[in-house]
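Enquirer: Here it is: the structure, laid out below.
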Amino acid sequence: MTRLSTAVRGLVATLATLPAVTAAPATAQVETEPKAPKGFVALRTVDPTIVQEMRYFTPHNFVGERIDGYRQPLCILTRPAAEALHKAQKQLLRQGYTLKVYDCYRPQRAVDHFVRWAKDLDDQAMKAEFYPDVDKTRLFTEGYIAEKSGHSRGSTMDLTIVRLPTKPTRPYVPGEPLAPCYAPQGERFPDNSVDMGTGFDCFDTLSHTLDPRIQGEQRAHRLLLKSTLEALGFVNLTEEWWHYTYKPEPYPDTYFDFPVSWKTLIRPW
């Protein structure tokens, strides 16, 4: 073997080791990213007819920016919860309505984002809409913000109903004037849902599902959502007309932190 061929073979051998060295950090990063357990699914794969308006992927929420952990506008739930929602949707479709979800599984890192925001008393950019009558110093004591959320267990969702045929909801423009979430439907931020008396994530006692001040059509809409879901095993959080948990929960004591993304779900479906 000539000196040249020996040198070439040595160079090839050296180059062959380079991809393994450069790829190692990326591989390690992928391996450390938490994944969803096998029992989690994208709601769209169980019922593609349910409308999804994932608020925490957008800046139209009480924080005013996309929330940590929401990498795609996707509703992820445990399979039993998703299948129960599918049954509710079939009932509502026959009555001329569709379900619409605002939030489903919520990673712990998103809850941590809420907590950091709540402790920053100088950041009140979205107060005029979402908590006009609540002092930000009282968000923890009044239960609007907590360090743990049932959403992180995967069987809780925030949702409403929309009359068919659905009409689009215009996008929120950051910096636009804000109206109180409890204002009359025609005055608060437009939503294609039926009138529930307040908007979603309204930090006010008017959001209590059975608040006696909510009457007429607004109360009827809340009761339609409540009766439909409760008959299928869902339990309402009495302080929030939009908040429901499917029981029994597959993971009643586990708070997950995998990101909201197709990549975190185990395939095939």
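The values are calculated or read from the model by the stated rules, or taken from the named source; none is laboratory data. On a predicted model such as this, the values are computed, not experimentally measured, just so you know. Here the Cβ positions follow ideal geometry from the backbone for every residue, glycine too, while neighbour counts run over all protein chains shown.
Enquirer: Within region 103-161, which residues are touching an Asp or Glu at 6+ places or on another chain (Cβ under 7 Å) and over 25 Å from Tyr251 (Cβ atoms)?
Expert: Trp117, Phe130, Asp133, Val134
Enquirer: Ok, one more. Considering only region 108-167, state which residues are on the phi < 0 side of the Ramachandran plot and of a type in the set (Gly, Ala, Ser).
Expert: Hits for region 108-167 are Ala110, Ala118, Ala125, Ala128, Ala146, Ser149, Gly150, Ser152, Ser155.
Enquirer: Go through (1) exposed (fewer than 15 other Cβ atoms within 10 Å of the Cβ); (2) modelled with pLDDT of 95 or more for Phe258 and report which single condition fails.
Expert: With respect to (1) exposed (fewer than 15 other Cβ atoms within 10 Å of the Cβ); (2) modelled with pLDDT of 95 or more, Phe258 is out only on (1).
Enquirer: Could you list, in sequence order, all residues of region 241-256 that are part of a loop (DSSP other than H, G, I, E, B), within 24 Å of Leu92 (Cβ to Cβ) and among the aromatic types (Phe, Trp, Tyr)?
Expert: Across region 241-256, the qualifying residues are Trp241, Trp242.
Enquirer: Looking at the structure I just gave you, is Thr238 more than 29 Å from Lys136 (Cβ to Cβ), in contact with a Leu (Cβ under 8 Å, 6 or more places away or on another chain), assigned by TED's automatic domain parsing to the domain that holds Arg163 and β-branched (Val, Ile, Thr)?
Expert: no
Enquirer: Residue by residue through region 97-135, note down the ones that are over 18 Å from Thr245 (Cα atoms), of a type outside the set (Val, Ile, Thr) and in a loop (DSSP other than H, G, I, E, B).
Expert: If the condition is that a residue be over 18 Å from Thr245 (Cα atoms), of a type outside the set (Val, Ile, Thr) and in a loop (DSSP other than H, G, I, E, B), then Asp120, Leu121, Asp122, Asp123, Gln124, Ala125, Met126, Tyr131, Pro132, Asp133, Asp135 are the ones that fit.
Enquirer: State all residues of region 173-190 that are in contact with a Phe, Trp or Tyr (Cβ under 8 Å, 6 or more places away or on another chain) and without any contact (Cβ under 8 Å) to a residue 60 or more places away in the chain; if no residue qualifies, say none.
Expert: Selection gives Leu178, Ala179, Cys181, Arg188.
Residue-by-condition table, conditions (1) of a type in the set (Lys, Arg); (2) in the same structural domain as Thr238 (by TED's automatic domain parsing); (3) not in a loop (DSSP other than H, G, I, E, B):
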{"residue": "Leu159", "(1), (2), (3)": "no, yes, yes"}
{"residue": "Thr169", "(1), (2), (3)": "no, yes, no"}
{"residue": "Pro174", "(1), (2), (3)": "no, yes, no"}
{"residue": "Arg188", "(1), (2), (3)": "yes, yes, no"}
{"residue": "Asp191", "(1), (2), (3)": "no, yes, no"}
{"residue": "Asp195", "(1), (2), (3)": "no, yes, no"}
{"residue": "Asp201", "(1), (2), (3)": "no, yes, no"}
{"residue": "Thr209", "(1), (2), (3)": "no, yes, no"}
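Enquirer: Kindly check whether there is at least one residue in region 220-240 that is of a type outside the set (S, T, N, Q), part of a loop (DSSP other than H, G, I, E, B), touching a Gly at 6+ places or on another chain (Cβ under 9 Å) and within 20 Å of Tyr105 (Cβ to Cβ).
Expert: Yes.
Enquirer: Kindly provide the set of residues from region 214-253 that are surrounded by 18 or more Cβ atoms within 10 Å (Cβ to Cβ), among the aliphatic types (A, V, I, L, M) and in contact (Cβ under 8 Å) with a residue 60 or more places away in the chain, ordered by number.
Expert: Hits for region 214-253 are Leu225, Leu229.
Enquirer: Report, ordered by the first and then the second residue, all pairs with beta carbons closer than 6 Å, sequence separation of six or more or different chains, a first member in region 125-149 that is closer than 23 Å to Glu176 by Cβ, and a second member that is modelled with pLDDT under 95 and of a type in the set (Lys, Arg).
Expert: Listed pairs, sorted by first residue: none to list.
Enquirer: Right, something else. Could you list, in sequence order, all residues of region 52-86 that are assigned to a helix (DSSP H, G or I), surrounded by 20 or more Cβ atoms within 10 Å (Cβ to Cβ) and over 10 Å from the mean Cα position of the chain (by Cα)?
Expert: Ala81, Ala82, Ala84, Leu85
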